[in-house]
Amino acid sequence: MGQPCLCQPPPTCGTMPVTPGEPSRTGPGRATVGHLAEKKPMTDGEPMTTPIPEQIETEIQAAAFRRLVEHLQQHPEVQNIDLMNLAGFCRNCLSKWYLAEATERGVDLTDPQARERIYGMPYEDWKARHQKGPKQEHKGSPSQ
């Protein structure tokens, strides 16, 4: 089935339990691309207890992004439509965000090149190897 999941703790991998009093994962306080760009801590109005210098914060975010991409590449059995339905984004969303950020920084990158960076291979190859069933439309896709 591929590499073991690196999520911690393993018993909650793939689930998003919500307990009473826990902040909503879909409402206020949810991390968004804008949230990351503004470099504000994801809290419900409480100050961040451990300030992190901006350069280190950027390095941490980049490393976490690389881990996410690697994790998705190691788990091709997880279909994009399932990611979209459960998390509100998929590999294609990541590649579009990647492309937008590259373009904003003056990097000449095409959509297929951005997808290859996220999928770890040309998109058409990934689809032929891993996509199951007919293409399904995203339901309620977020703004990209």
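Quick notes on this one:
- Nitroxide proxy distance, nm - points 7 Å out along Cα→Cβ at GLU101 and ARG66: 1.3 nm
- Residue-wise HN-Hα couplings along segment 121-133, as the Karplus relation 6.51 cos²θ - 1.76 cosθ + 1.60 with θ = phi - 60° gives them from phi, are 6, x, 4, 4, 5, 4, 4, 5, 7, 10, 6, 9, x Hz; Gly and Pro carry x.
- Taking other Cβ atoms within 10 Å as a rough exposure proxy, ILE56, ILE118, ILE81 sort from fewest to most as ILE56, ILE81, ILE118.
- Rounded to whole Å, sorted largest first: equivalent-ellipsoid semi-axes of segment 54-133, Cα gyration tensor: 22, 16, 11
Values quoted throughout were computed directly from the atomic coordinates according to the rules given, and no laboratory measurement underlies them. In this text, all values refer to a predicted model and were calculated from it rather than measured experimentally. Neighbour counts are summed over all protein chains in view; Cβ atoms, including those assigned to glycine, are modelled from backbone coordinates with ideal geometry.
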